[in-house]
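The values are calculated or read from the model by the stated rules, or taken from the named source; none is laboratory data. Predicted model only: the values in this text are computed from it and were never measured. Counting neighbours? That spans all protein chains shown, and the Cβs are built from the backbone with ideal geometry, glycine included. Heads up: the accessible areas ignore ligands, DNA and RNA and are worked out on the full protein's heavy atoms, side chains in. Shrake-Rupley method; radii C 1.70, N 1.55, O 1.52, S 1.80 Å.
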Amino acid sequence: MKNILIINGPNLNMLGKRDPKIYGSETYDDLLNKIAKKSDELGVKTEVFQSNHEGALVDRIQDALTDGTDALIINAGAYTHYSYAIHDALEILSIPKVEVHISDVENREDFRKISVITAVCTSRIIGMGTDGYLMAMEEVAKL
Ligand code: DQA
């Protein structure tokens, strides 16, 4: 069975409390339930890890080198825009890596148009709401 690791960065645990016009009204638990349902549908094993701390995110990415993770899906939140530590950790991992953003980061503030992790990911899904995670799961499950 394929092992998928989904990593969520800072403030994603606040879904449901963030601006609903940008992030929708689903809570983080709703997202976890959607992911669990999709995981069953696809017949994959999915772990979701969330942290508000850059170092914890780097540690979890590093652990994916040896823990049997077959594919990684990451929404690094605001770290996307400036964390070279997360960039460097992702660079070491040679498995499919999908960058996901709930909102359309290309059509928001200028600082959100910069992603320092796109170059070390294999694909990118933005602006599809939380369905973006499900699309990423479908994509990596097929590989
Ligand atoms: C986000 C977009 C980021 O700019 C923001 O800092 C987030 C969420 C998204 O999913 O749309 O926290 O990654």
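Can you confirm whether the range 90-108 contains a residue that is touching a helix residue (DSSP H, G or I) at 6+ places or on another chain (Cβ under 7 Å) and at positive phi? Scanning the range 90-108 turns up no residue that is touching a helix residue (DSSP H, G or I) at 6+ places or on another chain (Cβ under 7 Å) and at positive phi. When we screen Asp29, Asp19 for residues that are within 16 Å of the chain's Cα centre (by Cα) and either open to solvent by 60 Å² or more (accessible area, probe 1.4 Å) or at pLDDT 95 or above (or both), the only hit is Asp29.
For the residues Glu138, Glu99, the requirement of being within 20 Å of Lys34 (Cα to Cα), open to solvent by 10 Å² or more (accessible area, probe 1.4 Å) and of a type in the set (D, E, K, R) singles out Glu138.
Looking at the range 107-127, can you tell me whether even one residue there is assigned to a helix (DSSP H, G or I), under 20 Å from Gly16 (Cβ atoms), within 16 Å of the ligand (Cβ to nearest atom) and modelled with pLDDT of 95 or more? No, the range 107-127 has no match at all.
Entry remark, the range 63-85: residues being more than 17 Å from Gly127 (Cβ to Cβ), within 15 Å of the ligand (Cβ to nearest atom) and in contact (Cβ under 8 Å) with a residue 40 or more places away in the chain number 1 in total. Confirm whether Glu54 is in contact with a Phe, Trp or Tyr (Cβ under 9 Å, 6 or more places away or on another chain), farther than 16 Å from Met137 by Cβ, away from the ligand (no atom under 11 Å from the Cβ) and open to solvent by 50 Å² or more (accessible area, probe 1.4 Å). It is true that Glu54 is in contact with a Phe, Trp or Tyr (Cβ under 9 Å, 6 or more places away or on another chain), farther than 16 Å from Met137 by Cβ, away from the ligand (no atom under 11 Å from the Cβ) and open to solvent by 50 Å² or more (accessible area, probe 1.4 Å).
Of all residues in the range 67-84, those satisfying the criterion of being within 20 Å of Asn13 (Cβ to Cβ), outside any loop (DSSP other than H, G, I, E, B) and over 9 Å from the mean Cα position of the chain (by Cα) are Ala78, Tyr79, Thr80, His81.
If you go through the range 86-104 and pick out every residue that is more than 10 Å from the ligand (Cβ to nearest atom) and not small (Gly, Ala, Ser), you end up with 11. Could you please let me know if Asp59 is within 16 Å of the ligand (Cβ to nearest atom) and either without any contact (Cβ under 8 Å) to a residue 24 or more places away in the chain or surrounded by 14 or more Cβ atoms within 10 Å (Cβ to Cβ) (or both)? Considered against the rule, which asks whether it is within 16 Å of the ligand (Cβ to nearest atom) and either without any contact (Cβ under 8 Å) to a residue 24 or more places away in the chain or surrounded by 14 or more Cβ atoms within 10 Å (Cβ to Cβ) (or both), Asp59 comes out as no.
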